Structures are given as C-alpha cells and as structure tokens.
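Notes to accompany the following structure.
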Amino acid sequence: MPVKYLSPEWKEEVEARLKKELTPERMNYVTSSMSNIYLNCPDGKPRFMFFRYENGELKEFLVGEGEPPEAEFRITGDYATFAQISQGKLGSQLALMSGKLKLKGNMVKALKLASIADRLNKVLAKVDAEY
Amino acid sequence: MSTNHDPYYIDFPGRIKMIQQEMEKEGLDVYLGSRLRTLSWTMDAFCPWRSYVVIPREGLPVAFTFVIDAARVADDSWLDEDHVRGYAPMGGQDQITQIADFIKDELKCGKGRIGYETGISNYLPEGNLTQYEYEAFRAALPEATFINAHHIVDRLSLIKDEGTMNRFREASRLTDIGHRAVYEALINGGFKNLTETEISGIATYAMRKAGSEWEWTFTGGNEIASGYRTGYAGGACTPATRRKLQPGESLMVDLHAAFKLGLGDSTVNYLLAPVTERQRWHANNYVTIVKACLKKYRAGITPSEMASEMMAIAEEGGFSDYLVPGFEHGIGMVGDEWRIGSHEGPIPYWTDPNHRYQAGEMIICAIQYACPEEQIGFRYEAPIIIWENECELLPKCPLEVLEIE
C-alpha cells in the first residue's frame, strides 16, 4: 500500500528503514546535518526534509513545512526534482551538476559525503510512495 | 603554520590586518583578491587553479579555489579548511554564486564597497578579474559598488619582511646547487650530445633533491639556451629545447627554484671549447656590466638612472649595441615576477622608470647581452635585496662566463 510522499506515514517508514539499514558503520560514523528544501510543491507550500547524524547514528529526522532547522548542508530544488531522486529516477549528482538542485555548504566536505548521500537516497527509493 | 622562531616565518595574520587597515582608510567593506601574487602573499599556498581570496573588514579571509585542490590548499595554507572552500560545477557551488552568497549572507556586505583587482599585464598568470567574472559579480551583487583596489596589496608587498627574504635566500642556495650539478655534467667533454632539456633536468633533479618545490616560472621552467639561441635580440625567455650542445658555442643556464613560495632565479653562462678571442671579448663585456650593475644597486637609485649609467659604460666599452637597456625585473612570492611592485609611472601597469628603490625591496638584477649576427649572447639574472648603501646578492654562483674544455 503506497504512502503519500513527505506525509507523516512516509516519514515514519523512512526513519525506520534508515535506522535499520544504515548502521553507523555504513554511515562512516559521520556527524553532519542536511536539509532539503522543496520548492513548488503540489499544494504550493514549501517543505523540508532534515537529517542530523551524530557518529553515524540518525539523531533527528524531520519532515515539515516552512523553514528547516540550521544544517551544515542545505539543498534547494523543486519538489519534482526531489521526487525523481527519491524514486531513483534521477541521480542526485546529476541533479546538482545540471543545476536542478542548489547546494549551500562546504563543497570539500560535501565531496566526502557524496557516497553517504547516495546511500540515503537508495533507502528513500525503497519506500513505496505516491507522488 | 610556522612559528616566529622559524627563519621562514611570515606573519600572515598581520598581513591581513594591514590590508584591513588600508580597506578601512579607503572605505572598502570587502577585498576580493584574484591575482596569483595576492593569493600567495595572503595565503602562503600555491594556487594554480583559478582562486579568490575574500578579505572582510575584520576577521579572517576566506579563500575559494577549485574543489579538486581545496583540501591541499587548506593544508599548505595557514588557513583552516573552513576558510578554504572549494567551488564546483554544481548548482549553488560555482565560483560566482559561492562568493556572492558569502559576501551577501555571511559578511552581510551585499550593499557594500568591494575592492577587486583589475588591470593589464604582460604576464599571463597575473589573475586580474576577467570581464565575465566582473559582470557576473555585478549581476550577483547588484547593490554593491566595485572599486579597483589592487594598489593596496601592491604597496604592502613592496618591502619584504625577514621571512620572505630568508625564503629567497634559501631558494638561491638551491639554484646554486643546480648550477653545481650542471657544471659537473658539462666538464671534461660531458657537454657533448647533451640537450638543453637534459641540462634542465639535471639541474631540476639536483635542486629538487635539495628541497626545491618546482621550477616556478611560467616561461617553461629552467631556461636553457645554446648557440644561436643565446643571441636572440632582447631574448630573455628561452624555455629549453631538444637542441644538442655544440663545441665552440655559448650556453646560457638560467635556473629557477622555489622554496615556500620564495623564488630562486639565477644564471650562469658558459663558452664551450674551442673558444675564440671574439667570444671572450663579448664575455668580458658582459661580465663588466654585471659587476657594474651589482656595484650600483642600492636604495635611492631608479631603474632609469641604472639604465643610463649602465648604457654609458657599455657605450664607452663599445658594446652598447648588444645590451637591452633595462636592468631589473620585479620579484616577490609566486605570481609576482614581472613589474616592480607598485606602478605609478607614465605607462600603466609597467614598472615606473622613476621608481626610487628603498631598503628592503627585492628585485631580479637582470641583464640581457645579445649579438644575433654572431649567434652569441649572455643573460644575467639574480635576486638581490636592496639595502641603504649596497645590494645583497643572493646566489653565490660565478658571475664570470665559464669556459668548458
């Protein structure tokens, strides 16, 4: 049964999967935070998704409306672009390199975290969601 | 970062404060440096990729360089990785967006006065802001005012501090080692069948073994010329070629070493046997003018006065036709290798012929002697420090033209 993308149910399932599938070791014991800012959502309201990891452990995972908490990295793009990434139809690297997503934050650190971000996206893509 | 007990220590935070004091006097909120000389002088790191240093009115600067090199630059620099950022071809991460966002969002200077660096140079890697960059920054920061402000760094970097001088002294010691290796390869007939590129390589290997970082100049590393190539009219740029040395010709070995962004630049000239009396006459003329030049350099003299006096000596000796009437080029940390630091002369962005040298300035004593019709020439280049009543010659290699059997 698909759940609605970015809904509380979707959030709950993503969080459970992230905790189960991405162990601190798989997350390279990373300490960082990232917020995705969704523009042009179907209902017109801006949304965000926020992750905070400490030593590879997911400490905070939020999905909401309006401004997200402060994060080390801030990625801004259209809802449609993020939805394609979450469905595994578009790579996040390509989305960044084609300018569909805009990243704010230290690029050198971002490079080190690129493979981890891919792992996160792969987990998100497994959730049966309705976009 | 080195400490002030280190002979090569340079007070980089102090340099930034000096720039900030000048910014305050000139009402600048931000200094956007893009020239290679500015990057070396403020960051203590070699920045071969397009780079920028953004200096706020207070606090530490932030540098921006191509992401593939940012970690290395941060490691070499006195700045930490939070102050050396990488740009990349990604949304929000290109150099214009990153720097404009930094100025607007972090420095809150989107409406401020931004000093930047523009001008013209005969030196390709100068690094002035390009027209495209300028227009893109103007578009990204529409409420800011842009003011050409490179004179701030030019003036401040003119007089060298002790750490800089010591880096240059060490770089000259390295070129001396390179010259020794070349000399040993040439003697006892060793020059036969050697090519210019091999000579460059022999020197490079010796200098690198002794600690040189690279053969810094953008004119092709070590400059080696043999035979007719030594006699190019005005020819002060001779990247090594595959030409083989021949008996009976002249050889010019102009070596470059680098030590912590301090530069070695010194030349030794040779005559390969058999040597004619006419070749010796040219060689003696050259040595006469080198010695006269080194004796004359001191605080208070100007480039045009030097030229007049040296050309008068050459005229009297009957060899003024072979001499380029200029006896210096500027020098500083990597990227500062052509004109003398400040330029307030009649032709914009060229050395002011009436610049009066002050104690603590460094230049390259540079002499080009060339007789194209006889396919012979000699070059002298050596870093010197100007003092009140003399100059300090940094390389210790021979001034004389060496004859090789």
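What the table below lists for this structure:
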{"item": "Förster radius 35 Å - calculated FRET efficiency between B:Ile301 and B:Glu81, Cβ distance, rounded to 0.05", "result": "0.15"}
{"item": "Inter-chain shielding of B:91-98 (mean C-beta neighbours from other protein chains, 10 Å cut-off)", "result": "6"}
{"item": "Relative frequency of Cα-Cα separations exceeding 17 Å in region B:184-225, percent", "result": "34"}
{"item": "Rounded, prolate or oblate (a/c below 1.5 giving rounded, otherwise prolate when a/b exceeds b/c) for region B:37-131 by Cα gyration tensor", "result": "rounded"}
{"item": "Cβ-derived FRET efficiency at R0 22 Å, B:Asn122 paired with B:Ile147, nearest 0.05", "result": "0.35"}
{"item": "Distance from region B:76-129 to region B:27-59 (C-alpha centre basis), Å", "result": "8"}
{"item": "Shape category assigned to chain A from the gyration tensor of Cα positions, a/c cut at 1.5", "result": "rounded"}
{"item": "Cα centroid separation, region A:110-124 to region B:310-365 (Å)", "result": "57"}
{"item": "Calculated P(r) tail over 20 Å for region B:247-389, as whole % of Cα pairs", "result": "50"}
{"item": "Debye log10 I(q)/I(0) for the protein assembly as shown, one point scatterer per Cα, at q = 0.06, 0.12 Å⁻¹", "result": "-0.41, -1.07"}
{"item": "Relative pair counts by distance (%), Cα atoms of chain B, 10 Å bins", "result": "5, 22, 29, 23, 14, 6, 1, 0"}
{"item": "Whole-angstrom gap from region B:254-292 to region B:149-217, using each part's C-alpha centre", "result": "14"}
{"item": "Cross-link table A:Lys112/B:Lys209; A:Lys122/B:Lys104; A:Lys20/A:Lys102; A:Lys104/B:Lys108; B:Lys111/B:Lys160; A:Lys20/A:Lys59, entries beyond 24 Å C-alpha to C-alpha", "result": "A:Lys112/B:Lys209; A:Lys122/B:Lys104; A:Lys20/A:Lys102; B:Lys111/B:Lys160"}
{"item": "Inter-chain Cβ neighbour average for residues B:72-83, partner chain, 10 Å", "result": "1"}
{"item": "Cα long-axis angle, helix B:12-26 against chain B (0 to 90 degrees, to the nearest 10)", "result": "70"}
{"item": "Modelled FRET efficiency - R0 35 Å, B:Lys17 with B:Thr130, Cβ distances, 0.05 increments", "result": "0.75"}
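Read-outs throughout are calculated quantities, based only on the coordinates presented, and are distinct from any laboratory measurement. Just so you know, these numbers come straight off a predicted model, no measurement behind them. Every residue, glycine among them, receives a Cβ derived from its backbone with ideal geometry; neighbour counts consider all protein chains shown.
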